[in-house]
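A quick write-up on the structure given underneath.
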Amino acid sequence: MPRILVVDDDAAILKLISVILSRAGHEVRTSSHPVEALDLLKVFTPELIISDVVMPYMTGLEFLEKLRQDPKMANMPFMLLSSHAERTDIRRGMNLGADDYLPKPFTPADLTTAIDARLRRAGLNVQDENRMQARALGTAQVIWQGTQVAWVSRKALELFFYLLEHREVTSWEAAEALWPEKDESRASSLFHTTLHRLRKSLNNEAVVSTNRRYALNPDLTPEYDVQRYELLVTQAESGALGGEEIKELAGQYGTFLPGADSPWVDDVRARLEQKQMSVLGLAARAATDAGRAKEAAQFHQRALAINPMSEQDWEGLTRALNAIGDPRARLAAQREAWWAVDLD
């Protein structure tokens, strides 16, 4: 999975590019300022950097110039984003060592085509089209052979992720997890029907069975966003990630399999919520240490949206709001979640 760093002071552009590239199978990190990006590059090595040209305090060209002065970054593929009015800067960018540029505005196809071409020219594998990608954070989809799998039934999709989470299960374990309200006979029948639909959605060899135990075919080896997220959380908790990486990690979280309603799904959601609470705590601490009280307040608020009973986050939110002179510090001190109330 190619790693890409995107630098732009426009939050909407950052979000747009991040969504497009994540859906295309890339691992994306974002930064709103080149100075922050330089800190991020101390702990994150991308295969490609995409940077806007016009930014305050340090332009994309100055950012590129600094990178090219570093022997480790001298040959890093670098792509500039430029509006029509900025194209006079492109020649200078190329002279500084930029590899390509993409004019704004651009379509998702423009972006992915340019990036794929740039990575190929750099001798990197853009994406193994045969590699399966399973995405469950804030969505529920499987990408295989370059296209999204069209599931015969929603329950077949859920069974796929259940097998992905549990590796190997008996038919009864799966039936009890996915249909807890059914009696044993009915649940078993539903399991085998759903298993048939799962295989029909993928192929007949997608699920293998040995001694009445079922598992996904090891040849599939899907890239699983939950597994990647939990691995990065472990690294963050061990101190291996920098503040910008932790901030980006906090943005990777989403509701596990939205729309699914099973006890095992609730268990996974609870597990991931605890990990996200840990990440938000680390992000709030890093923001506080960097003197960014407003940003720290936002992380505490996001944590309280997950767990309104977190005294640590109420106290942190109160301190952060007091630090920036925000009158809502009084509401935080009274444990009033104003953001959860529709005031209209």
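The values are calculated or read from the model by the stated rules, or taken from the named source; none is laboratory data. Please read these numbers as outputs of a predicted model, since none were measured by experiment. Note that we place each Cβ from the backbone using ideal geometry, even for glycine, and neighbour counts take in every protein chain shown. To get the accessible areas, we keep the full protein, side chains included, count just its heavy atoms, and leave off ligands, DNA and RNA. Shrake-Rupley method; radii C 1.70, N 1.55, O 1.52, S 1.80 Å.
A few comments on the model shown:
- Residue in segment 256-277 that is outside any helix (DSSP H, G or I), of a type outside the set (D, E, K, R) and at positive phi present: yes
- The condition (being touching a residue at least 40 places away in the same chain (Cβ under 8 Å) and either assigned to a helix (DSSP H, G or I) or more than 30 Å from His166 (Cβ to Cβ) (or both)) is satisfied by just one residue among Ala283, Ala296: Ala283.
- Qualifying residue in segment 252-260 (condition: modelled with pLDDT under 95, more than 29 Å from Ile4 (Cβ to Cβ) and either among the polar types (S, T, N, Q) or surrounded by 16 or more Cβ atoms within 10 Å (Cβ to Cβ) (or both)): yes
- Extreme residue, surrounded by the most Cβ atoms within 10 Å (Cβ to Cβ), among residues of segment 87-99 that are in contact with a helix residue (DSSP H, G or I) (Cβ under 9 Å, 6 or more places away or on another chain) and part of a helix (DSSP H, G or I): Gly93
- Residue in segment 100-117 that is most open to solvent (accessible area, probe 1.4 Å), counting only those that are in contact with a helix residue (DSSP H, G or I) (Cβ under 6 Å, 6 or more places away or on another chain) and within 14 Å of Leu48 (Cα to Cα): Tyr101
- Top-ranked residue of segment 34-77 - restricted to ones that are touching a residue at least 60 places away in the same chain (Cβ under 8 Å) and not in a helix (DSSP H, G or I), ranked as nearest to Gly239 (Cα to Cα): Val43
- Some residue of segment 233-242 being surrounded by 16 or more Cβ atoms within 10 Å (Cβ to Cβ) and touching a Lys or Arg at 6+ places or on another chain (Cβ under 9 Å): yes
- Scanning segment 171-217 for residues that are part of a helix (DSSP H, G or I) and among the hydroxyl-bearing types (Ser, Thr, Tyr), we see that the one that is farthest from Ala156 (Cα to Cα) is Ser185.
- Within segment 290-299, not a single residue is open to solvent by 40 Å² or more (accessible area, probe 1.4 Å), modelled with pLDDT under 90 and of a type in the set (Gly, Ala, Ser).
- In segment 28-42, the residues that are among the small types (Gly, Ala, Ser) and either at pLDDT 90 or above or surrounded by 23 or more Cβ atoms within 10 Å (Cβ to Cβ) (or both): Ser31, Ala37
- Qualifying residue in segment 189-207 (condition: open to solvent by 30 Å² or more (accessible area, probe 1.4 Å) and touching a Lys or Arg at 6+ places or on another chain (Cβ under 7 Å)): yes
- Here segment 3-19 is the region considered, the condition is being under 21 Å from Val142 (Cα atoms) and crowded, with 19+ Cβ neighbours inside 10 Å, and the residue that is nearest to the chain's Cα centre (by Cα) is Ser18.
- Answer from Glu184, Glu237, Glu205, Glu223 - the residue that is touching a strand residue (DSSP E or B) at 6+ places or on another chain (Cβ under 9 Å), in contact (Cβ under 8 Å) with a residue 12 or more places away in the chain and at negative phi: Glu223
- Residue match in segment 317-337 (condition: surrounded by 15 or more Cβ atoms within 10 Å (Cβ to Cβ), farther than 19 Å from Val233 by Cβ, among the polar types (S, T, N, Q) and in contact (Cβ under 8 Å) with a residue 24 or more places away in the chain): no
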